[in-house]
Amino acid sequence: MNIQKVLIQNFKTLQNFEISLNKELNIIVGDNEAGKSTLLEAINLVLTGQLNGRNINYEISPFLFSKSVVDEYLTKLKTGSNPALPTILIEIYLHNKPEFVKLKGSNNSKNEDTYGVSLKIEFNEDYKDEYSKYISDPTNITTLPTEYYGAKLYDFANKLITPRSVELYSTLIDTTTIKLQNGADYYLQKIIEESLDIKERTGLSLAFRNLKESFKEQDSLKAINSKLKSNKGEITNKDLSVSIDISQKSSWENNLTSYIDDIPFQFSGKGEQNFIKMLLALDKNITKSDVILIEEPENHLSFSTMNALIKKMAEKCKDKQIIITTHSTFVLNKLGLDNLILWGEDKKTMSLKDLKPDTQDYFKKLAGYDTLRLVLSKKSILVEGPSDELIVQKAYYISKGKLPIEDGIDTISVKGLSFKRFLEIAKLLKKEVCVVTDNDGDYKKKVENKYIDYIGVANIKIYYDKDDTLKTLEPQLVACNDLATLNKIFKTSLPDKQAIVDFMIDNKTECALSIFNTTETFEFPSYVKQSFQ
Amino acid sequence: MSSNHSNKIIVASAGSRKTTYIVKEALSNHTDNILILTYTIDNINQIRNYIIRENGFIPTNITILSWFSFLLQECVRPYQNFVYSDKRIETVYFPPDIGKFKADRRFIKKANVKNYFLVGGKFIINEHISEFSCLCNDKSNGKVIGRLEEIYSKIFIDEVQDISGYDFDIVDLLLKSKIECYLVGDCRQATYFTTCSPKYKKYKGKNIINLFNDWQKKGLCSVEEKNDCYRSNQTICDFADGFYPHLTKTVSFNTDNTGHDGLFIINENQVLNYIEKHKPTLLRWDKTADTFGLEAKNFGTTKGQTFERVLIFPTEGFKKYLSDGNLTKVTKKKNKKTQVVTEEIKDSFHLAKFYVATTRAKHSVAFVFEGNSIFDKLIQYQE
């Protein structure tokens, strides 16, 4: 309901990035290292002013900047020019809501007249003199002088503001690491703290102070203190006694811990911890967060817990904007493809809405799994069925000594007409894909015309044989191996190659499996081998 | 185009509880966003304190800004990039020596946006900020006003007599907008000038009343007068009204009798004794006035404030007025050549400052003055 669009420049791996978000649920799926977590971090940074749980101004380092801009800056500096210092920019464009009206203006990189805020991590001009001294000898400079940088938050009316003036709260749940602070869990504390109003908080604070003061009156403590007093002069000439520190104003946060079935929170299972944290964050009555950022909710969760969590998410997302990154096909299937945002190479993102309506429909029916495989793999080979899948994998194994999946290449079996649907996604996301296809007796019409939109697309390759007499994979395989080998592999004694072809067509999967398992020397058609060269 | 039926201009005399009116009106609405604008920091604090006194805190739907903050924050910056996009405009620049500053820059053309409006590429010159605001609104096709309409449903402008030049264009745009405008001011207290632009020159100072009437004629607003005084007694009111013979007389509701009420002449050798006995607040033109080394407030800064008693150190010009009652002779020392303000206007500001000073007191106004006064209400102080 809140964030419409996020634009990021020079922040970590996101050098020039833009993403439009759904109003409620956003499921972001993409390969590792694609920058998905960086996006969540960036949103949370703008809305809380914090990075890694600390004020951003203490966390500015050259590593926050995209490597290529830092390199470019250094190169220019060393070649004698005076380059502009790179700036990190994170802009959050908001929907029109009454509480955002004051954030309206045209001060954003799109010059759009709309509501929003932008965080800039940039050179502080107060350090002009120091900086010019610093660059006077560029030979020793190896990195960006972020000591002279500062982070500032502006609204689109160009007013300098603090995250507090944006009536939008975010919670980032990073389940991959459990950060501990003072023994208790930082997120949980934050959530508990947010859920209490001032009265409840002071009440809790007071109760804790009373507890500490009454501890002082315990007999055993009194005994210790009178003993200490009697030793006066040995350690110090002043009165020495022990007690609990009652000075910290709100120290309950540091000393109280939460219990789950009488087990302290940090001693319960990680899965349980994550589950509770996420449920708390999702509950509007408990926290005031309007934007919830969840990294890989599937971590540490069992199938059944996961199911419960997903159910809750689907219920609760009505009043919140949720952004989830995931690798789990289960999460995706349960939460629905409508909310899917695919994240490809070059940090390109797309949602199903970017596809043609009939392709959208196709993937909705396909229930996610294969779509995800295409997005998550480094490269994929699309084949025409389960037997082709086995043959291509075997051919790869013979040539490379390992299965394609071990190299991050996924072999996906696609039903006849669906190739183009996968290619549509691959084209948009710039995913490397190759298609291994039969020529069906007419390579010009059945292959070259069919894939005309994709021939010449850099990341898409289509492999087929131009011999129209060898219509499908079976005759192709028979053509490049001798009769004796084939009979041996299939444990048959067929009289000629045509009989073998017929046998193979009748027993497609069994024959493919036999080839896959054989230790005999076996030749593969050249178009199959080319697909992974 | 406009729904200006509800725009109101209230011309109020000193002590007529303008601030009370604004605060009460503003606090009566809990939902709509309300903006209160005024010219001086002192007045902002006064309004702020008043609201806190009445309400305990400043409600989130009420925003109080100075006129310059308003222009910078709400008019210049939001659509700054329609006019100038090199750098964010950081703040307003007040030239230390306005005469020299203007002389140095007199050949810079308006088309040279960066140098005409700005100093150092990011500081906007005080005199040009409202013109720049109008430019942003024009170039963006009305987005500045559109944004304000989206945010605020009511705007109060206090001390409206102190704005001038292109400021009037902004006020004009606001009057024509969907926002309900309440302009409150006292033409007798026009002691500042925010800009010195020739535009609207004829409405400067006390003549601002003519502009109000013109706006009313155009159907942009209604003009109301408030001539009740809840601060000074009638004697003080009458004396102050004497500065503006063509305006409606003030009626005082202060009938307190303290035993030392009205107008007094204090000789220089009586000053210390008088201060000791009556504890007045000391008021002076500015720091060049000789106050015998005693702590005193400048006339201009006391606007909106109330004191029990005041002791005024008059200027030479005002001393002449005290003796002969002739208004045209109220002038300050000769102007320097570089001063762009004409003699006549300077006069009216001079008078306005004395009006402010005189009308601060509830019970008594004393002037440090030797000799006889034409005003028989001015009584020579007897120890």
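The values are calculated or read from the model by the stated rules, or taken from the named source; none is laboratory data. This one's a predicted model, so the numbers in the text were calculated from it and none came from an experiment. Glycine also receives a Cβ, built like all others from the backbone with ideal geometry; neighbour counts cover every protein chain displayed.
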Could you pull out the residue among A:LYS128, A:LYS104 that is within 22 Å of A:LEU7 (Cα to Cα), outside the structural domain of A:PHE275 (by TED's automatic domain parsing) and basic (Lys, Arg)?
-> A:LYS104
Within region A:12-25, work out how many residues are part of a strand (DSSP E or B) and more than 22 Å from A:ASP290 (Cβ to Cβ).
-> 4
Residue among A:ALA42, A:ALA34 that is under 25 Å from A:SER351 (Cα atoms), away from chain B (no Cβ under 14 Å) and either in a loop (DSSP other than H, G, I, E, B) or β-branched (Val, Ile, Thr) (or both) = A:ALA34
Looking only at region A:81-90, and only at residues there that are within 14 Å of chain B (Cβ to nearest Cβ) and either touching a residue at least 40 places away in the same chain (Cβ under 8 Å) or over 29 Å from A:GLU147 (Cα atoms) (or both), the one that is surrounded by the most Cβ atoms within 10 Å (Cβ to Cβ) = A:LEU89
May I ask you to list pairs of residues, at least six apart or on different chains, whose Cβ atoms are under 9 Å apart, with the first in region A:213-224 being among the aliphatic types (A, V, I, L, M) and the second being in a helix (DSSP H, G or I)?
-> A:LEU221/A:PHE215
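So that you can scan it fast, the table gives a plain yes or no per residue for (1) surrounded by fewer than 17 Cβ atoms within 10 Å (Cβ to Cβ); (2) away from chain A (no Cβ under 11 Å); (3) under 24 Å from the mean Cα position of the chain (by Cα):
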site	(1), (2), (3)
B:PHE68	no, yes, yes
B:ARG77	no, no, no
B:TYR84	no, yes, no
B:LYS87	yes, no, no
B:PHE107	yes, yes, no
B:VAL119	yes, yes, no
B:ARG147	no, no, no
Verdict on A:ASN107 being assigned to a loop (DSSP other than H, G, I, E, B) and within 14 Å of chain B (Cβ to nearest Cβ) = yes
Would it be correct to say that B:ARG53 is assigned by TED's automatic domain parsing to the domain that holds B:VAL160, among the charged types (D, E, K, R) and without any contact (Cβ under 8 Å) to a residue 12 or more places away in the chain?
-> yes
Residue among B:ILE163, B:ILE170, B:ILE155 that is at pLDDT 95 or above and either buried (at least 19 other Cβ atoms within 10 Å of the Cβ) or within 15 Å of B:ILE9 (Cα to Cα) (or both) = B:ILE155
Name the one entry in B:ILE236, B:ILE208, B:ILE275 that is touching a strand residue (DSSP E or B) at 6+ places or on another chain (Cβ under 8 Å), of a type in the set (A, V, I, L, M) and not assigned by TED's automatic domain parsing to the domain that holds B:VAL368.
-> B:ILE208
